[in-house]
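Quick note: the coordinates plus some simple rules give every number you see, no bench work behind them. All of these numbers come straight from a predicted model, not from anything done at the bench. Cβ coordinates were reconstructed from backbone atoms using ideal geometry, including for glycine residues, and neighbour counts include every protein chain displayed.
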Amino acid sequence: MTAEARPGTPRPRPRTVDVWFDPACPYTWLTARWLREAARVRPLELRWHLMSLTLLNEGRDDDPEGDPDGYLMVPVRIGTAVRHHHGQEALGRYHASLWADLGAPGEHGGDSGKWINDPALALADAGLPAELAAAGTSTAYDGELRASHAEAVALLGPRPGTPVVAVREPAEPYRPPLAFFGPVISRVPTGDAAGRLWDGTLLVAGTPGFHTLRGRPADPDPDVTGRDVDPA
């Protein structure tokens with residue numbers, strides 16, 4: 001099944017899929033790429049929100065992210081400013097451009113197989129004003145970020161991880177959404193493989209009593225073309 005309806009058949013109403021993410025996390029970026037691929041073959045309406053790994057770990061004695069200087073807050077603060085001034089679709093564009101290969105060979109990671117996370121480059125690639133980068137070292141939008149973060153935490157409880165995804169059925173808009181953390185992937189399936197992963201995620205996340213499924217960990221792969229993922 002794909003999101004394209006056959007001639008003469010009604011197009012299915014899309015599920016609303018709200019995604020909370022910390023833009024500093026490369027695995028979250030891969031999950032967002034997969035969701036965009038899934039939306040090509042399944043009727044999904046993606047909406048983008050922000051959460052923060054720094055806020056998730058606030059008050060802990062240890063720092064699992066190893067970020068004593070607070071650099072993780074820079075991209076998420078910029079993202080909050082983007083959403084405040086330009087909306088959730090612009091936030092999605094900004095996130096899509098983070099961790100991407102935006103430069104020429106050997107420059108900013110272009111064609112070099114290196115991950116980058118440069119918010120200034122991402123803003124330019126997303127067609128957003130360069131002055132938004134100043135929000136990265138400002139607390140002006142922290143109240144808005146905390147409110148968005150609290151929405152994600154309320155769905156799954158303390159320290160759920162990033163991303164948090166909430167799915168609403170079009171025929172049941174007032175029922176609580178199906179919410180889950182992840183899935184965490186190291187490369188991005190495309191085409192029907194992306195759709196099958198979406199179907200399977202809904203199946204397990206919607207099973208009463210289900211809460212954990214873990215595969216073999218792997219480093220995030222900057223080659224996100226989905227090569228070799230779908231052998232069919």
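Scalar couplings 3J(HN,Hα) for the range 188-197, obtained by applying the Karplus form with A = 6.51, B = -1.76, C = 1.60 to θ = phi - 60°, are 9, x, 10, x, 5, 4, 5, x, 5, 5 Hz; x denotes Gly and Pro. Here the calculated FRET efficiency for ARG60 and LEU203, from their Cβ-Cβ distance with R0 = 35 Å, stands at 0.55, rounded to the nearest 0.05.
Would you work out which of TRP34, LEU44, VAL17 lies farthest towards the positive end of the dipole of the range 9-50? Charges go on Cβ: Lys and Arg +1, Asp and Glu -1. Ranked along the dipole, the leading option is LEU44. Note on ALA154 and HIS85: their simple-model spin labels are 2.8 nm apart, each label 7 Å out from Cα toward Cβ.
Our estimate of slack between ASP67 and ASP192, defined as 0.36 nm per intervening residue step minus the Cα-Cα distance, is 41.2 nm.
Shown in residue order for the range 43-54 are the 3J(HN,Hα) couplings computed by the Karplus curve 6.51 cos²θ - 1.76 cosθ + 1.60 at θ = phi - 60°: x, 10, 10, 8, 10, 10, 9, 10, 9, 9, 5, 4 Hz (x for Gly and Pro). Sorting the segments 146-153, 13-20 by their residues' average number of neighbouring beta-carbon atoms within 10 angstrom, most packed first, yields 13-20, 146-153. Under 5 Å between amide hydrogens, built in the peptide plane, is the criterion, and for GLU45 it picks out ARG15, THR16, VAL17 among residues at least 5 positions away or on other chains.
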